[in-house]
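For reference, the structure discussed in these notes is given below.
The values are calculated or read from the model by the stated rules, or taken from the named source; none is laboratory data. Fair warning: this is a prediction, and the values are worked out from it, not measured in the lab. Cβ placement follows ideal geometry from the backbone for every residue including glycine, while neighbour counts extend to all protein chains displayed.
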2 protein chains.
Amino acid sequence: MRNIDAWRRWLPALPILDWGRRYDREALTGDLVAAVIVTIMLIPQSLAYALLAGLPAEAGLYASVAPLLLYAVFGSSRVLAVGPVAVVSLMTATTIGEYTAPGSPDYWPAAITLAFLSGAMLLAMGLLRLGFLANFLSHPVISGFISASGILIAASQLKTLMGVKAEGHTLVDLLISLGGQVPDTHLPTFAIGASTAAFLFWVRKRLEPLLVRAGVGRRLAAVIAKTGPVFAIAVTVTLTWWFDLHTHGVRIAGAIPRGLPPLTMPSLDLVLWRELAMPALLISVVGFVESVSVGQTLAAKRRQRIEPDQELVALGASNLSASFTGGFPVTGGFARSVVNFDAGARTPAAGAFTAVGIAVASLLLTPALYFLPQATLAATIVVAVISLVDFGILRRTWTYSKPDFAAVAVTLVATLTLGVEPGLVAGVAVSLALYLFRTSRPHIAMVGLVPGTEHFRNVLRHQVLVSPRLVSLRVDESLYFANARSLEDRVNDAVANHPDLRHVVLQCSAINDIDASALESLESIEARLRDAGIALHLSEVKGPVMDRLQATDFVRHLSGRIFLTQFQAIAALTPELLAARSATGPAGEPAELPPRSVG
Amino acid sequence: MRNIDAWRRWLPALPILDWGRRYDREALTGDLVAAVIVTIMLIPQSLAYALLAGLPAEAGLYASVAPLLLYAVFGSSRVLAVGPVAVVSLMTATTIGEYTAPGSPDYWPAAITLAFLSGAMLLAMGLLRLGFLANFLSHPVISGFISASGILIAASQLKTLMGVKAEGHTLVDLLISLGGQVPDTHLPTFAIGASTAAFLFWVRKRLEPLLVRAGVGRRLAAVIAKTGPVFAIAVTVTLTWWFDLHTHGVRIAGAIPRGLPPLTMPSLDLVLWRELAMPALLISVVGFVESVSVGQTLAAKRRQRIEPDQELVALGASNLSASFTGGFPVTGGFARSVVNFDAGARTPAAGAFTAVGIAVASLLLTPALYFLPQATLAATIVVAVISLVDFGILRRTWTYSKPDFAAVAVTLVATLTLGVEPGLVAGVAVSLALYLFRTSRPHIAMVGLVPGTEHFRNVLRHQVLVSPRLVSLRVDESLYFANARSLEDRVNDAVANHPDLRHVVLQCSAINDIDASALESLESIEARLRDAGIALHLSEVKGPVMDRLQATDFVRHLSGRIFLTQFQAIAALTPELLAARSATGPAGEPAELPPRSVG
């Protein structure tokens, strides 16, 4: 039994066994209703994101069947709706575009291989419990990256909206390429694209409040507003068919093969694998972060939890299944998960029902999409991604914290000018470097006793009692190699500026860890102070830190003492300060001491 | 005036103007005595390290004149002795050895260019005040790197000691190459090398205590022990000359050109620059770290200070001057700075006098070094570097902290097996990754009230009072992007495990910073808790953190309150706990509450 349990720890969990056992009629109703609505929403999205990824429209449908079924088995979120999403589709297009041109016979197989590698990586990360790695993508980096991706995606769709050809993976390339094409704009195409976009914007911004004011329930209104793209498709397909617009140069989806997703195999070409490995990793991480954020937000609303490592396994299985059924990289989508939740989905079975819906659509509906103008899909993409763009983050981070602002700005600018992958890597590098930089210059306050209390405060901010014989320093950061020298410098400063110094007390209340380098720094601080006839004391050392220090030579040979509280240290080392304190009376007015000037 | 002051901030300081003004006879005496002793010590070292760097012996003398003069002008340490040192010479040999073979006409010019690039980088880093970057080399990484370098250097000298040829930049290559050569060992050479090494070990370990016991002053004994290499040179030169050993195959230094350092120019070949840039940076950082460590240690003994950024400027100027006078990369040496200090050096003028001494030696003494066996120099190197090797660091870090142990071990193994540069880079990468990993999994304690006090402790470690309606979490780390999600997870856990939960209090006493990502996490924690009908409160928020939070929507719309102390939070939110506390009486025995089990 024990061995089985030990093995089980390494096997992925099957959440379906948990919720499946308690499945009832109420859950079935909720899931079925949600699945119908999500299916209606997913059909245009899956077609559009396939085109964004540089693939035939049917690839989007294929990527919305098997992955949803696999997620329903392994996923720990009850309501996450998996499938093609905008940013991951853009990253797919960029990656495969480096390797071969869209439409070439190698393109789709490469996208399938990318899904395979991404799935394998996600699965491996999940089994190795590496979900925490995604934490190193900071919110500002994600935000800058998503905004920049939104702009890039919108720019990349302009050519389809205008009915021209343009290329480029950076904003500058795209805009230059587009700029030259403006005179060639195909007006009927542009009319369809622009009016669809305007309609969809109106639906997004105005329809929902209108419906609510007309007495429709708030939740139903939100769901109806999400069906805008389907309505736009129906109208533009009808118009194109009626007026034979495709014979006038309006590009249409054309013949989408009818049938279930095909059985496909990823390429086993190791050269291709090496080329796709890094992009696959970035796609995996971005997809995982997007998926977990929405999953967590929705789970918390029902006091449920999701397991990040289990999500990695589930997304890994989904992407692997995409690679075997003609799809491309998928992940949990924000908008459609929210719709799924609002529409009443109770369990991952809703996702499985959606998969059935999409399968039925790809069996029956594809002939109806023959006349679908590509400009309509481009308009749905533009409207969807514009909502991703949030320049407010620049202002908010500028106000709150300059390093965070720098991380957003670098990610945004690098993604727009260098492309999605260098942008993401630059953002992570800058945010880590800034974090390390900040912790390498810790706030170290020289503190003194607040008269009439047992509290100690910064001598620069408060009127406090100090002695020329004793300096108290409070370090507001864990001590580690990058900041240990700062402390040495600060102690050296104090020694150089206090000729009568006899005691240095380090108040350690905010020190959560002391690594080996910092321990050596403490030892050399202690040795230098000892050479200069000054004792080093510690106060308010935390339990876990003290546990480790206890066994060291530093503590065994410390010239000074370790005090439970800073006040005890002062009471023992400079009792004259306390006399001054009581002399000033309980009111605590330090009449005899001039106020410290703020330096 | 203001403009001049503003400009002056950007100009390097000239410490010589400070100590030069107050120079007196006493300082002069101390400096002269120290200079004579350091000169005697530096002559064999400079020759030996030139050979280690793959250069002719005279390059070592050249590198010990101009750099010392420049350091005397710009250096902020009173006693640092600059010149060729072992580790930097090894790094020079490795770098230039990648580019061309030792002895080829391109070799020395490349070393000169390396000194130029390193000097320019150090100077630029000093003017840009980037001295803090060296802090990212942790003590364990430096220690592992120096030990591994010592082993590599000793191994590289074995061939000279044995009178054979061997090559390789990694330990494995060197040992394999040497292993094949053992039968070819040149016995007279090996006899000289081995007996010199044995003599020098004896001098290092035994002579000083012997002299002290014989009544010689402790400081003088230490200085005499440092002249061992000069004595060994005198003896082996005499033996070689007397017995014509060079005609029997003992390799000798040969004709060392007499004269002052030549005027040289670094190459301006940008391709070479690009190849040398990364090594030059690593050499600069390693040299700077070595120099600053010894400079700080010695300065503190006299209650003086050194300025790291000024040291960068001084080392930059020294290396630039080395590149214009036929030298190679130099830095402050540990052993010779200690000798300089012990011999009574008072100001950097001692360094200038040493430079004069070396200049005189290179004018007069070089003919006497014609018969100097290379094995003697190899022996001095081996004995010098063996003292750098410290495997104790492995045991010490293993006991104290496993991440530090990992950093030492990775650096040591990578340096020995992959070479000095990959070793150093791997060490820095691993130590940063481990630091980030640790801070990404902060210690978060669920705390409860210690009965009869106002203190709060970990519920897993102490017998404390808790309420099913309130959870208090204390985060022992600053909140930033990599650990914000941990807190979300922990709060989600708490919510899932406490069905009656109404209040969550975050005790922020150890939180020194909250970045924008963490703020967003707090916002989403707050929003999720609010959706679940739970209020989020904060307590003991630090001043600087509160300053920043004050202006945010998070604080403005917080569902709960911000308490000055954790006790006030409990008193306000769960007064029934305090009733239980007083019911147990002042002794604080929580009679009615079962002790918490340790999870």
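Of all residues in region A:440-449, how many are farther than 22 Å from residue A:528 by Cβ and within 13 Å of chain B (Cβ to nearest Cβ)?
Taking region A:440-449 first, the residues farther than 22 Å from residue A:528 by Cβ are A:443, A:448-449.
Next, from what is left, pick out any that are within 13 Å of chain B (Cβ to nearest Cβ): A:443.
Result for region A:440-449: 1.
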Counting only residues that are among the small types (Gly, Ala, Ser) and more than 12 Å from residue B:434 (Cβ to Cβ), region B:390-414 contains a total of 2
Scanning for something more than 10 Å from chain A (Cβ to nearest Cβ), within 19 Å of residue B:132 (Cα to Cα) and surrounded by 24 or more Cβ atoms within 10 Å (Cβ to Cβ), does region B:300-311 turn up at least one residue? yes
Name the single residue, out of those in region B:514-554 being small (Gly, Ala, Ser) and more than 9 Å from chain A (Cβ to nearest Cβ), that is surrounded by the most Cβ atoms within 10 Å (Cβ to Cβ). B:539
Residue A:486: surrounded by 17 or more Cβ atoms within 10 Å (Cβ to Cβ), small (Gly, Ala, Ser) and within 37 Å of the chain's Cα centre (by Cα), yes or no? yes
Counting only residues that are more than 14 Å from chain A (Cβ to nearest Cβ), in contact with a helix residue (DSSP H, G or I) (Cβ under 6 Å, 6 or more places away or on another chain) and farther than 27 Å from residue B:41 by Cβ, give me the helices (runs of 4 or more DSSP H) lying completely in region B:64-134 with at least 1 of them. B:86-99, B:107-127
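Test residue B:336 against the criterion of being under 22 Å from residue B:135 (Cβ atoms) and of a type in the set (D, E, K, R), and give yes or no. Full working, then the answer.
Details: under 22 Å from residue B:135 (Cβ atoms): no; of a type in the set (D, E, K, R): yes.
No.
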Checked region A:10-54 for anything within 26 Å of the chain's Cα centre (by Cα) and not in a helix (DSSP H, G or I); matches are A:12, A:13, A:14, A:53, A:54
Residue hits (region A:186-238; surrounded by 14 or more Cβ atoms within 10 Å (Cβ to Cβ), closer than 21 Å to residue A:154 by Cβ, more than 29 Å from the chain's Cα centre (by Cα) and of a type outside the set (A, V, I, L, M, F, W, C)) are A:186, A:189, A:193, A:195, A:196, A:236
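Residue-wise test of (1) facing chain A (nearest Cβ under 10 Å); (2) among the hydroxyl-bearing types (Ser, Thr, Tyr); (3) part of a helix (DSSP H, G or I).
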{"residue": "B:430", "(1), (2), (3)": "no, no, yes"}
{"residue": "B:437", "(1), (2), (3)": "yes, no, yes"}
{"residue": "B:486", "(1), (2), (3)": "yes, yes, yes"}
{"residue": "B:494", "(1), (2), (3)": "no, no, yes"}
{"residue": "B:501", "(1), (2), (3)": "yes, no, no"}
{"residue": "B:512", "(1), (2), (3)": "yes, no, no"}
Of the residues in region B:296-327, how many are assigned to a helix (DSSP H, G or I) and either out of contact with any strand residue (DSSP E or B) (no Cβ under 7 Å at 6 or more places or on another chain) or at pLDDT below 85 (or both)? 21
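Matching residues to (1) in contact (Cβ under 8 Å) with a residue 24 or more places away in the chain; (2) out of contact with any strand residue (DSSP E or B) (no Cβ under 7 Å at 6 or more places or on another chain); (3) of a type in the set (A, V, I, L, M, F, W, C):
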residue: A:150; (1), (2), (3): yes, yes, no
residue: A:165; (1), (2), (3): no, yes, no
residue: A:185; (1), (2), (3): no, yes, no
residue: A:199; (1), (2), (3): yes, yes, yes
residue: A:203; (1), (2), (3): yes, yes, yes
residue: A:214; (1), (2), (3): no, yes, yes
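Residue check: is residue A:76 in the same structural domain as residue A:363 (by TED's automatic domain parsing), over 30 Å from residue A:394 (Cα atoms) and either without any contact (Cβ under 8 Å) to a residue 12 or more places away in the chain or touching a strand residue (DSSP E or B) at 6+ places or on another chain (Cβ under 6 Å) (or both)? I'd like the intermediate steps shown before the answer.
Details: in the same structural domain as residue A:363 (by TED's automatic domain parsing): yes; over 30 Å from residue A:394 (Cα atoms): yes; either without any contact (Cβ under 8 Å) to a residue 12 or more places away in the chain or touching a strand residue (DSSP E or B) at 6+ places or on another chain (Cβ under 6 Å) (or both): no.
No, not satisfied.
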Quick one: would you say residue B:335 is modelled with pLDDT of 85 or more and either buried (at least 24 other Cβ atoms within 10 Å of the Cβ) or in the same structural domain as residue B:37 (by TED's automatic domain parsing) (or both)? no
For region A:96-111, check the following and say yes or no: at least one residue is crowded, with 23+ Cβ neighbours inside 10 Å and within 25 Å of the chain's Cα centre (by Cα). yes
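Being among the small types (Gly, Ala, Ser) and either crowded, with 22+ Cβ neighbours inside 10 Å or modelled with pLDDT of 85 or more (or both) is the filter here; which residues of region A:497-513 pass it? Full working, then the answer.
In the first step, residues of region A:497-513 are kept if they are among the small types (Gly, Ala, Ser); the result is A:509-510.
Matches in region A:497-513: A:510 only.
Give the residue, chosen from B:330, B:292, that is crowded, with 20+ Cβ neighbours inside 10 Å, at pLDDT 90 or above and in contact with a helix residue (DSSP H, G or I) (Cβ under 8 Å, 6 or more places away or on another chain). Talk me through it step by step, then tell me what you get.
Details: B:292 fails: at pLDDT 90 or above.
None of the others qualify; the one that does is B:330.
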Among the residues of region B:455-473, are any assigned by TED's automatic domain parsing to the domain that holds residue B:568 and part of a helix (DSSP H, G or I)? no
Out of the residues in region A:389-420 meeting the condition of being surrounded by fewer than 20 Cβ atoms within 10 Å (Cβ to Cβ) and more than 14 Å from chain B (Cβ to nearest Cβ), tell me which one is nearest to residue A:94 (Cα to Cα). A:418
Having 2 or more residues that are modelled with pLDDT of 85 or more is the bar; report the helices (runs of 4 or more DSSP H) wholly within region B:208-285 that clear it. B:208-213, B:228-243
Using the structure shown, decide if residue B:324 is out of contact with any Phe, Trp or Tyr (no Cβ under 7 Å at 6 or more places or on another chain), surrounded by fewer than 24 Cβ atoms within 10 Å (Cβ to Cβ), touching a residue at least 60 places away in the same chain (Cβ under 8 Å) and over 15 Å from residue B:37 (Cα atoms). yes
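I need a count of the residues in region B:535-561 that are under 18 Å from residue B:469 (Cα atoms) and either in contact with a helix residue (DSSP H, G or I) (Cβ under 6 Å, 6 or more places away or on another chain) or not in a loop (DSSP other than H, G, I, E, B) (or both).
Looking only at region B:535-561, we keep the residues that are under 18 Å from residue B:469 (Cα atoms), and these are B:535-539, B:559-561.
So of that shortlist, the ones also either in contact with a helix residue (DSSP H, G or I) (Cβ under 6 Å, 6 or more places away or on another chain) or not in a loop (DSSP other than H, G, I, E, B) (or both) come out as B:535-539, B:559.
Total meeting the criteria: 6.
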Extreme residue, nearest to residue A:539 (Cα to Cα), among residues of region A:463-480 that are out of contact with any Phe, Trp or Tyr (no Cβ under 7 Å at 6 or more places or on another chain) and within 10 Å of another protein chain (Cβ to nearest Cβ): A:475
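Yes or no: residue B:373 touching a residue at least 12 places away in the same chain (Cβ under 8 Å), in contact with a strand residue (DSSP E or B) (Cβ under 6 Å, 6 or more places away or on another chain) and not basic (Lys, Arg)? Walk me through it before giving the result.
On the way: touching a residue at least 12 places away in the same chain (Cβ under 8 Å): yes; in contact with a strand residue (DSSP E or B) (Cβ under 6 Å, 6 or more places away or on another chain): yes; not basic (Lys, Arg): yes.
Taking the combined requirement at face value, the residue satisfies it.
Would it be correct to say that residue B:76 is surrounded by 19 or more Cβ atoms within 10 Å (Cβ to Cβ), at pLDDT below 90 and touching a Pro at 6+ places or on another chain (Cβ under 8 Å)?
Values: surrounded by 19 or more Cβ atoms within 10 Å (Cβ to Cβ): yes; at pLDDT below 90: yes; touching a Pro at 6+ places or on another chain (Cβ under 8 Å): yes.
Spelling it out, residue B:76 is indeed surrounded by 19 or more Cβ atoms within 10 Å (Cβ to Cβ), at pLDDT below 90 and touching a Pro at 6+ places or on another chain (Cβ under 8 Å).
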